[in-house]
Every structure is written in C-alpha cells, then in structure tokens.
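Chemist: The following block contains the structure, expressed as structure tokens.
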C-alpha cells in the first residue's frame, strides 16, 4: 500500500480515540504514558454514573496486551478478515494501537486499547459518554452487543455511510477496545467487519 494511503488511514483512525477521547483528559497525544495498562483493574473502579451506560457483566483483563496491541488479533483471525500481512503497532499515544493493511487496496483495520484513557479516569463506555458531553466526540450511538459485550459507534462525525466504521466495545466498566474498519464500499461491510474484529479480540481475551 502506498505510504500516503497508509498514513491517511492511520491518522483517520487515531484521531478518534487517541486524540479526541484522551484529549479531554488533557493528554498530549504524541506522548506515550509509561506503564500504560500494566495493572488490571476491577470492574467497579470506574462505575458508570449514567444509567444509560451499560455495565459489563464479566470484565476481561487486557493488561497483557498493553505492550503490543497487535497480539489482540492472531494472524489466523486477521486472515479470516482478509488481512494476511502482519499488523503494524503504534505508540503515538498512551492508548496502544495496531493497524492492518492490504497492498493495493484501501481496506484497513485498527485496534486501539484504551488503557491510557483508563489510567486518566476516562476509560470505558462511561468515558466515551463523558467525551461526547465535553464535545470531544460529536457522534455517539449504541451499537449491537458483541459476544455479550456492549458497544457504541462513535466519532468526530458519523463516517459509516462512507464505508468507515468506528466501534468501541466495553470489555470492563473502565476499559474499551476500539475496533475500526475503513476503506469499504458501504456501512454494512465496514461495520460488519468492525464487529467481527471485536469478536476476535474478545475471543483472544477469553483465551478461546
């Protein structure tokens, strides 16, 4: 894939969580936080105050992946989604991320582990709602449950009709893992892929 396309895809994905959500906690997006997400947190540590924010019944521990978010999507699971090249990690913010690309195509995947947001007290779906209230996110809409875990669609704007889907799945009350699918022809393909990506991540966390 040409570098300009890869950079555009990565920038479009990163701006939504690494800058927007973390930014409302005063984060400098280009400065990773040492030890981000190194310690697991209990489900009740950041309990959602908004009754409209669903609680996570069975929290998942993602602390082992804070050093390498690419490991959240095994190669076999990536191949099932059409991505055979290894993921490319990024540490441009305190929220570790990994992106996948297909040579010669616009299709992209990205996983963002919101451990930096958690440490700043802005984690979980509750943090997404706080970011919306603060104006950092202009679009936030409930999504379908994925393997029993609640989700939201989010962004600075709703990009789904243009084939770019940004999904955040609450794996604990204070932690989201965001799965982004871009470069597709329509909303159905991009959001379907984002949901499949979220399901693959949940299976990894469960050790399935």
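Values in this text are rule-based calculations from the coordinates and carry no lab data. Quantities reported herein were computed from a predicted structural model and do not represent experimental measurements. Don't worry about glycine lacking a Cβ; one is built from the backbone with ideal geometry, like all the others, and counts go over all protein chains shown.
Chemist: Using the 10 angstrom Cβ neighbour count as an exposure proxy, how do 169, 53 rank, fewest first? Mind showing how you got there, number by number?
Modeler: Values: 169 27, 53 20.
By the 10 Å Cβ count, ascending: 53, 169.
Chemist: I'd like the FRET efficiency for residue 162 and residue 64, computed as 1/(1 + (r/R0)^6) with the beta carbon distance as r and R0 of 35 Å, rounded to 0.05. Intermediate results must be reported in sequence, preceding the final value.
Modeler: Working: r = 35 Å, r/R0 = 0.99.
Efficiency, from the Cβ-Cβ distance: 0.50.
Chemist: Based on the alpha-carbon set only, what is the convex hull volume of the range 59-155 divided per residue, in Å³? List each step's numbers first, then the result.
Modeler: Numbers: hull volume 12.7 nm³, N = 97.
Expressed per residue, the convex hull around the Cα atoms of the range 59-155 is 131 Å³.
Chemist: How far apart, in nm, are two points set 7 Å out from the Cα along the Cα-to-Cβ line at residue 52 and at residue 188?
Modeler: 2.9 nm
Chemist: Report the extension gain between residue 80 and residue 141 in nm, rounded to one decimal, defined as 0.36 nm multiplied by the number of residues separating them, less their alpha carbon distance.
Modeler: Numbers: separation 61, 0.36 × 61 = 21.96 nm, distance 2.75 nm.
Difference between extended and current length: 19.2 nm.
Chemist: Mind jotting down the distance between the C-alpha centroids of the range 82-102 and the range 144-208, whole Å?
Modeler: For the range 144-208 versus the range 82-102, the Cα centre distance is 15 Å.
Chemist: Normalized C-alpha radius of gyration of the range 132-208, against 2.2 N^0.38 Å? Provide the component values of the computation, followed by the final result.
Modeler: Numbers: Rg = 12.3 Å, N = 77, 2.2 N^0.38 = 11.5 Å.
Here the Cα radius of gyration is 1.07 times the empirical estimate.
Chemist: If you don't mind, another one. How would you order 153-165, 55-67 from highest to lowest mean count of nearby Cβ atoms within 10 Å? Display every interim value, and only then the final one.
Modeler: Numbers: 153-165: 19.0, 55-67: 17.2.
Top to bottom by mean Cβ count within 10 Å: 153-165, 55-67.
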